[in-house]
1. Give me the residue from segment 1-22 that is touching a residue at least 40 places away in the same chain (Cβ under 8 Å) and hydrophobic (A, V, I, L, M, F, W, C) and, out of that set, surrounded by the most Cβ atoms within 10 Å (Cβ to Cβ).
2. Among the residues in segment 23-40, are any part of a loop (DSSP other than H, G, I, E, B), surrounded by 13 or more Cβ atoms within 10 Å (Cβ to Cβ) and within 14 Å of the chain's Cα centre (by Cα)?
3. Is there any pair with a first residue in segment 23-40 that is farther than 15 Å from LEU11 by Cβ and a second that is part of a loop (DSSP other than H, G, I, E, B) and of a type in the set (Gly, Ala, Ser) whose Cβ atoms are under 9 Å apart and which are 6 or more apart or on different chains, and what are they?
4. Name every residue in segment 46-69 that is within 15 Å of VAL13 (Cα to Cα) and small (Gly, Ala, Ser), in order of residue number.
Amino acid sequence: MSENQPIPTFLTVKEVAARLGLSLTAVYALCEAGELPCHRVGLKGGRVRIPEDALAEYLERSKIEAPATVHVVTEASVAAPKKRRRRLQAVGFPNLRAAGWDGRSKYSS
């Protein structure tokens with residue numbers, strides 16, 4: 001390394017996990033998979049260290065674009081739970097009586 005190049009800042013696995021909100025195991029898995037570049041420093045396998053700029057590059061690569069349509073959740077849409085029949089009709093059971101549903105729960109007597 002030449003004298004005019006700055007020494008990169010290295011982060012521990014614990015620091016990276018805290019920044020990303022992941023577990024230590026998840027960060028190790030990213031390193032092992034080659035998704036997050038890392039270095040082993042020290043004897044006998046060493047300690048894993050991640051360059052700060054490599055973390056920034058990883059975050060830039062893994063960024064996803066926001067969807068074009070945005071679903072607005074209002075207080076009214078989540079305030080009261082809907083009845084079972086309406087819920088089932090919304091997910092693809094328009095004719096519940098024809099499908100054998102009699103309007104009662106299988107647990108009611």
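Rule-based calculations on the coordinates, nothing more; no lab input. Remember, predicted model here, so these are calculated numbers, not experimental data. Methodologically, a virtual Cβ is constructed for each residue, glycine included, from the backbone with ideal geometry; neighbour enumeration extends over all protein chains shown.
1. Ranking the candidates gives LEU11 first.
2. no
3. These pairs meet every condition: GLU35/SER62.
4. Across segment 46-69, the qualifying residues are GLY46, ALA54, ALA56.
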